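Single-structure report; data block below.
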Amino acid sequence: MRVSVIGCGHLGIPHAAAMAELGHEVIGVDVDREKIAWLNAGECPIFEAGLPELIARHTASGRLRFTTDIREAADFAELHFIGVGTPIDADGRSYDNAQVFGAIRQLAPHLDKACTIVGKSTVTVGTTVQVTALAQRLAPAGERVEVVWNPEFLREGHAVEDTLRPDRLIAGVTSAEGEKAIRAVYAGILDAGVPLFVTDPQTAELAKGAANTFLGLKISYINAVADMCEAAGGDISKIVEILGIDPRIGAGGMKPGIGYGGGCLPKDVRAFTASARQLGADQAANLLLAAEKINETRVSVAMGLITRAMGDRPVKGAGVTVWGAAFKPGTNDVRESPALALAQALQQVGATVTVHDPQAVATAMIRNPELDYTDDLPASLDGADLVVLATDWPEYMKANPQSLADRPANPLLIDCRTILDPEPWRVAGWTVHQLGRPGK
């Protein structure tokens, strides 16, 4: 098929490359001329495993190209994916759908033949109905323009894998033609046995918010239990194992630490909470709000652990190394990163902070230029009074505690992601503290 992808960010770029990998002819559209130039040169402006190779391969073959001209995309494609951003609104609760409606206003006047618009962006329930009315009113093709909502479930760091081999697809449709278009564009994926849930648009819109918010609830729940372990002297890692073996619960998503961040979970939990309130489901809203509040306290909880671990030595004036800047491993995205928030909190109480990250130093420097950065892991420890592990990159789990023990002034490690086996570190002379686990 001939496909366009409107919006080339963390969602749109992997989706465009994956569509080309599936055999479609793809044109990506974005207003950022510099980004478009990079992409057409076969270079990828974001870090995602496997994505640079797809971009290079399919721009070279001519199957994938990028433009700033939305008229070119309208003339070219029979199916248009909308993958623009929906950040949180000025009220701090709802999605700002301005980019979605802006994309429709730019695209629709050029649609003079039957086509399908497929929304990928995460939106408030009811958006598909509004988008359909706007597109059909502005398009010369009128009601021959179909609108389908097909929410994405990409995990940053796994976006290519999750697009090409998802665990499920959802299509919120209002007609047989819309369903037909979805089955055609995803034929290669559906033929591999991936289930497709065909629903009404409202169900599709709610399903995305429900999935992300449930994950936020799990993370906040296990962090609340970690706080109880901290107070009682229990071991959160053992509790995760005990809960995770229950098939009704499962260990997926139950990783105690300093909370969730990034461009999806925080805004999705807030917006889903707001939707529950607007729909009159007040008890649901109160439950979701509790999960938000727990997540918002995680940096303060970590600061408390750090203060206790330092004992008589003040954090003010200490040299602190923070391992991690990205909100999660596998990406250079630092939006709402708990790791950066913790680094900033340490600096604000007077610590001298150096941040290490395998991929996100450049993006973190833009967001928090007041901090010091390095991409040299051993050198990041030199002279440190305290090391704080804040993003669970595999590089930190694989680090050799023996070879690193002589680098800091004080081999004190606070594992805020509870990912390390503390025993090898302690044998090597480190003092290790973890959230929700007894410290030694």
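The values are calculated or read from the model by the stated rules, or taken from the named source; none is laboratory data. Just so it is clear, the structure is predicted and the values come from calculations on it, not from any experiment. Here the Cβ is made from the backbone with ideal geometry for all residues, glycine too, and neighbour counts use every protein chain on show.
Looking at this structure, is Arg426 part of a helix (DSSP H, G or I) and modelled with pLDDT of 95 or more?
Considered against the rule, which asks whether it is part of a helix (DSSP H, G or I) and modelled with pLDDT of 95 or more, Arg426 comes out as yes.
Based on what the data block shows, is Ala309 surrounded by 15 or more Cβ atoms within 10 Å (Cβ to Cβ) and assigned by TED's automatic domain parsing to the domain that holds Pro411?
yes
Table: residues versus (1) surrounded by 20 or more Cβ atoms within 10 Å (Cβ to Cβ); (2) of a type outside the set (A, V, I, L, M, F, W, C).
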residue: Pro358; (1), (2): yes, yes
residue: Val361; (1), (2): no, no
residue: Ile366; (1), (2): no, no
residue: Ser380; (1), (2): yes, yes
residue: Leu386; (1), (2): yes, no
residue: Ala390; (1), (2): yes, no
residue: Asn410; (1), (2): no, yes
residue: Leu413; (1), (2): yes, no
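I want to confirm something. Restricting to the stretch 228-275 and keeping residues that are part of a loop (DSSP other than H, G, I, E, B) and of a type in the set (Lys, Arg), which single residue is surrounded by the most Cβ atoms within 10 Å (Cβ to Cβ)?
Checking each candidate, the answer is Lys255.
Please determine, by comparing only the residues of the stretch 328-353 that are under 27 Å from Pro314 (Cα atoms), of a type outside the set (A, V, I, L, M) and crowded, with 20+ Cβ neighbours inside 10 Å, which one is farthest from the chain's Cα centre (by Cα).
It comes out as Pro338.
Which residue, of Ala274, Ala291, Ala251, is aliphatic (A, V, I, L, M), out of contact with any helix residue (DSSP H, G or I) (no Cβ under 7 Å at 6 or more places or on another chain), at negative phi and at pLDDT below 95?
Ala274
Confirm whether Arg57 is surrounded by fewer than 24 Cβ atoms within 10 Å (Cβ to Cβ), at pLDDT below 95, among the basic types (Lys, Arg) and assigned by TED's automatic domain parsing to the domain that holds Tyr186.
No; evaluated as a whole, the condition is false for this residue.
Within the stretch 45-103, can you find the residues that are in a loop (DSSP other than H, G, I, E, B) and hydrophobic (A, V, I, L, M, F, W, C)?
Ile46, Phe47, Ala49, Ala77, Val84, Ala90
For residues in the stretch 251-305 being charged (D, E, K, R) and touching a strand residue (DSSP E or B) at 6+ places or on another chain (Cβ under 8 Å), which is nearest to Leu11 (Cα to Cα)?
This residue is Lys267.
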